[in-house]
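The next block holds one structure in the form of structure tokens; read it before the comments.
The values are calculated or read from the model by the stated rules, or taken from the named source; none is laboratory data. Source: prediction; values computed, not measured. In this analysis, Cβ positions are derived from the backbone assuming ideal geometry, glycine residues included, and neighbour counts consider all displayed protein chains.
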Amino acid sequence: MTDLATVHVSDSRRLDAIDRKILTVLQEDASLSVAEIGDRVGLSSTPCWKRIQRLEADGVILRRVALVDQNKIGLGISVFVSVESADHSEAWLRKFADAVSAMPEVMEFYRMAGDVDYMLRVVVADMQAYDVFYKKLISAVPLKNVTSRFAMEKIKSVTALPVPPA
């Protein structure tokens, strides 16, 4: 039985406490210098840099990005879109996934278990922009049902994953 608290980086290496500290620091502020990250985790610059490089090579760190306030760039509406399909073929899924993945308004896209087949998190400027998105979505492939839920208030939103202890 696999211990769910153990993170496997590769067959030959597991994340240790220092790797986990580095991940926590980088998720808080990826703009820090390697020296600053090293100071926070108790390493000098070179070993810290090597660990970061290894975490990137192993695919643990996917990329480093800037987080942007969606409201300040005019994307004031967040919509959670539930999609049900009558067709569950591989060809339909491929076409649907390709179409949805190409839509820049879609921030997250999940295949679900339960009564909903797919869930999308969409950001748009206003109701008119959502209507344009909706029409594009429903014309991409045949869908059984689409339900839109509009967020009234963002209460919590984080990007940092809770890195489990070693």
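Listed here are the residues, each with its yes/no results for (1) over 25 Å from Leu23 (Cα atoms); (2) free of Cβ contacts under 8 Å to residues at least 12 places away in the same chain; (3) assigned to a strand (DSSP E or B); (4) among the acidic types (Asp, Glu).
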| site | (1), (2), (3), (4) |
| --- | --- |
| Arg63 | no, yes, no, no |
| Val68 | no, yes, no, no |
| Val81 | yes, no, yes, no |
| Asp98 | yes, yes, no, yes |
| Met107 | no, no, yes, no |
| Arg121 | yes, no, yes, no |
| Ile138 | yes, yes, no, no |
| Lys156 | no, yes, no, no |
Inset, instruction - Report, by residue number, each residue of the range 1-60 that is at pLDDT below 95 and not in a loop (DSSP other than H, G, I, E, B). - result: His8, Val9, Ser10, Arg13, Arg14
Inset, instruction - May I ask you to verify whether Ser85 is modelled with pLDDT of 95 or more, of a type in the set (S, T, N, Q), over 30 Å from Val25 (Cβ atoms) and more than 15 Å from the chain's Cα centre (by Cα)? - result: yes
Inset, instruction - Determine whether the range 45-60 contains at least one residue that is under 16 Å from Ser31 (Cα atoms), surrounded by fewer than 16 Cβ atoms within 10 Å (Cβ to Cβ), without any contact (Cβ under 8 Å) to a residue 24 or more places away in the chain and in contact with a Gly (Cβ under 6 Å, 6 or more places away or on another chain). - result: yes
Inset, instruction - For the range 69-114, name all the residues that are of a type in the set (D, E, K, R), within 28 Å of Ile155 (Cβ to Cβ) and either in contact with a Phe, Trp or Tyr (Cβ under 8 Å, 6 or more places away or on another chain) or surrounded by 14 or more Cβ atoms within 10 Å (Cβ to Cβ) (or both). - result: Glu84, Glu105, Arg111
